[in-house]
Amino acid sequence: MWRRLKCYLGVGVLNTLLHWSVFLSLHAGLALSQALANFLAFGVAVSFSFYANAAVTFQARATPRRYMGFVTGMGALSLIVGWVADLATLSPWLTMVSFSALSLFSGFLFSHYIVFRRTS
């Protein structure tokens, strides 16, 4: 499990850099709203994360069912963090940092025990 956690964290760092790069490029570079830029960046990053973790971290088949489960779970976490941030009127930067940190650890547990769970 520790080896998987290290791999997941490595993919998570790359995933975070990808998410933030796409978000900043779309928001600052193309003047898209934060909501649209973050939605699109999340889509790119969550897809990268799923396929990279399936291949590298969990050595599991990347099936449509697993993909939808992963995207749904991580999307729900993203919405919850955003909702709490809106209620608390947090800075967008604090929201991104909080989500990035929370998603690394909760995403690993979700992936390990649910999405890529071995049934045999």
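The values are calculated or read from the model by the stated rules, or taken from the named source; none is laboratory data. No experiment lies behind these values; they were computed from the predicted model shown. Glycine gets a Cβ as well: all are built from the backbone with ideal geometry, and neighbour counts include every protein chain shown.
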Here the residues within the range 82-99 that are at pLDDT below 85 and part of a helix (DSSP H, G or I) are Gly82, Trp83, Ala85, Asp86, Pro92, Trp93, Thr95, Met96, Phe99
Boolean, Leu102 is aliphatic (A, V, I, L, M), within 22 Å of Trp2 (Cβ to Cβ) and either in contact with a Leu (Cβ under 9 Å, 6 or more places away or on another chain) or not in a loop (DSSP other than H, G, I, E, B) (or both): yes
Among Val46, Val81, Val115, the single one that is buried (at least 18 other Cβ atoms within 10 Å of the Cβ), among the hydrophobic types (A, V, I, L, M, F, W, C) and more than 21 Å from Gly10 (Cβ to Cβ) is Val81
Every listed condition ((1) crowded, with 17+ Cβ neighbours inside 10 Å; (2) at pLDDT below 95; (3) assigned to a helix (DSSP H, G or I)) holds for Leu32 save (3)
Checked against (1) outside any loop (DSSP other than H, G, I, E, B); (2) more than 25 Å from Arg4 (Cβ to Cβ), Trp20 satisfies every condition except (2)
